[in-house]
1. When the Cα centres of region 313-329 and region 122-184 are compared, how far apart do they sit, in Å?
2. Between rounded, prolate and oblate, where does region 82-129 land on the alpha carbon gyration tensor, with a ≥ b ≥ c its root eigenvalues, rounded for a/c under 1.5, else prolate if a/b exceeds b/c?
3. Go ahead and run the numbers for FRET between residue 130 and residue 321, Cβ-Cβ distance against an R0 of 45 Å, rounding to 0.05.
4. Which angle between 0 and 90 degrees, to the nearest 10, do you get for helix 136-148 versus the longest principal axis of the chain when only C-alpha atoms count?
5. Assuming 0.36 nm per residue, please report the length gained on full extension of the stretch residue 266 to residue 313 beyond their Cα-Cα distance.
6. Add -39500 (n - 2.57) for each DSSP H run of 4 or more in the chain, then divide by its residues: what number comes out at 222 nm, to the nearest 500 deg cm²/dmol?
7. Once label points are set 7 Å from the Cα along Cα→Cβ at both residue 107 and residue 291, what is their separation, rounded to one decimal in nm?
8. On a 0 to 90 degree scale, rounded to 10, what angle separates helix 107-120 from the longest Cα axis of the chain?
Ligand code: ADP
Ligand code: MG
């Protein structure tokens, strides 16, 4: 069934149109990400689903029930914020059990469930500590345990990994994804980080200026971006404007070619593969990245393309030697 349905959702703050007509269906059990640059309206949408913000117009359904005008506590959702919002004077167990206490769950039962929730985020035996005695990643896990203990139907997460350093963030991305699969709760996850969205999500909605530009699986978003904005925001892309000369002749538009889909060959070397598109040019810059090498090539026909080649074989070759050399770039028209 549908966990969340948004219809023609709008929100204005004075003259600012923060959310300008969002339609979205999120399925039960999905890990769904809202991805977009800062200021694109993601947090405002999340806050409206949570009930902290009322829409200017449009409607919100949770599990088929219209909740547009309901108070936050009347909705079967829980929000995890970036700053975790833990109570500093309480132990972890008390922090996690707090929501159950509010709902008058008997003490023995709520402590048992708090311990269970702490165990599910790999913090078994940490129940007596206080938040100040934890690392950032551990605090993040407590915030999650506190959400899970309430077994909401939908968990809303607003940049929950934003405060962590890169290595820990990447580790938590995998953990969080595994946890979501285990508990089966619908996650609606806000991030401005495209790698994070691609890593974690079943589906992604790409936001731009209060609107959704595309909804799809990570592969759909990456391989078939619907707009130049999506192509540029998710991954890096070469964008060319022009007209198709074959297939759909005369179709004008913007064409997107991912750097790793382009092969770099010596201009006078191997003849081009049949069926491939190609262009010749001069290498303007080479960047050695360890696992790959990036080539920036000025095309004879005008414009510049970026190509990315995996460094599959160990080489003592100095990539700088490529600078200024003539190359042929080749890619599948598809
Ligand atoms: P995001 O989470 O994608 O960074 P937000 O939803 O926070 O974007 O903000 C969308 C737009 O709405 C921004 O232009 C922001 O300045 C504006 N905005 C958000 N909340 C408020 C508010 N309470 N008052 C006024 N403007 C706001
Ligand atoms: Mg935000």
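1. 44 Å
2. Since a/c reaches 1.5 but b/c is at least a/b, the shape of region 82-129 is classed as oblate.
3. The pair residue 130/residue 321 has a calculated efficiency of 0.20.
4. Relative to the chain, helix 136-148 is tipped by roughly 60 degrees.
5. 15.2 nm
6. So the calculated ellipticity at 222 nm is -7500 deg cm²/dmol.
7. Distance between label points: 5.2 nm.
8. So the helix axis and the longest Cα principal axis differ by about 10 degrees.
The numbers here are math on the coordinates, done by the rules we state, and not lab data. This one's a predicted model, so the numbers in the text were calculated from it and none came from an experiment. So basically every Cβ, Gly included, is an ideal-geometry build from the backbone, and we count neighbours across all protein chains shown.
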